[in-house]
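See structure below.
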Amino acid sequence: MSVSSDAAHSDAKYYEVARTASMAERILIQARDRIYRDFLAHTQPQSESTIADIGISDVVSAGANVLERNYPYQQQITACAISDAPDFRSAFPLVKFQRIRPNEALPFASASFDIATSNAVLEHVGSHENQIFFVRELCRIARKVFISVPNRYFPIEHHTAIPIIHYNDRTFRLGCTAMGKQDWAQESNLILMTRKKLWRLVAGINRSAAVGYTGFVGGPLSSNLYLAIH
């Protein structure tokens, strides 16, 4: 799987914005619960369905790992991370775990799973080329794919809590510099995602695809986007 080397650090940094019991965490939980409902609607898993969750968080909180927190058949999930994720494994002992390596193919045979999913990972893989590889790897290992990402045009940028100025690359870089958050202005750490960018990732994939809004839904200002592939 293609993941930048800095991605291992972005997870904890992200949850610095959505601290436990904060208003930001409550908003995050509500948005991710809606993402979970859309995941169910688009993939329609059955009790026997096998699911690969690519890029879980080792931050254990009410806002992280929405699939594992909510799905009733945890034993059917194989969770993947680029670290050993000891806190995650302790919190979800029924979930199978597989460590994966940055910038390498996923260690599964083709069509190993019924469903592959990934939440808030695609924007951290380092480049457009890596994103294409990431999407194709999920398509290779599963019949159905559901990917969700933050929407660039949500008024508050998810990783920095910077309002509005992230709509433009230059002002976002300036804002990150002013707030001491320069890491988020680097593409190797964060690619701000739009519907158009998601559509570009499925060009050449001979499968049915849909791109839409999820999370807090408000048209172009929705908090999140999804890419569903069948």
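Under 6 Å by Cβ, and 6 or more places apart or on different chains, what pairs join a residue from the stretch 105-133 that is over 23 Å from TYR36 (Cβ atoms) with one that is among the charged types (D, E, K, R) and surrounded by fewer than 18 Cβ atoms within 10 Å (Cβ to Cβ)?
SER110/ARG140
Return only the number of the condition from (1) more than 22 Å from ILE27 (Cβ to Cβ); (2) in contact with a strand residue (DSSP E or B) (Cβ under 7 Å, 6 or more places away or on another chain); (3) at pLDDT below 95 that HIS158 does not satisfy.
Unmet for HIS158, out of (1) more than 22 Å from ILE27 (Cβ to Cβ); (2) in contact with a strand residue (DSSP E or B) (Cβ under 7 Å, 6 or more places away or on another chain); (3) at pLDDT below 95: (1).
Go through (1) surrounded by fewer than 20 Cβ atoms within 10 Å (Cβ to Cβ); (2) at pLDDT below 95 for TYR167 and report which single condition fails.
With (1) surrounded by fewer than 20 Cβ atoms within 10 Å (Cβ to Cβ); (2) at pLDDT below 95 applied to TYR167, the lone miss is (2).
Restricting attention to the stretch 151-161, does a residue exist that is in contact with a His (Cβ under 9 Å, 6 or more places away or on another chain) and assigned to a strand (DSSP E or B)?
The answer is yes, given that some residue of the stretch 151-161 is in contact with a His (Cβ under 9 Å, 6 or more places away or on another chain) and assigned to a strand (DSSP E or B).
Keeping to the stretch 139-164, report how many residues are buried (at least 16 other Cβ atoms within 10 Å of the Cβ) and in contact with a Leu (Cβ under 8 Å, 6 or more places away or on another chain).
Residues meeting the conditions: 14.
For the stretch 101-119, indicate whether the set of residues that are over 23 Å from TYR226 (Cβ atoms), out of contact with any His (no Cβ under 8 Å at 6 or more places or on another chain) and not in a loop (DSSP other than H, G, I, E, B) is non-empty.
no
The values are calculated or read from the model by the stated rules, or taken from the named source; none is laboratory data. Owing to the predicted nature of the structure, the values given are computational and were not obtained by experimental measurement. Cβ sites come from the backbone with ideal geometry, for glycine too, and all protein chains shown count toward neighbours.
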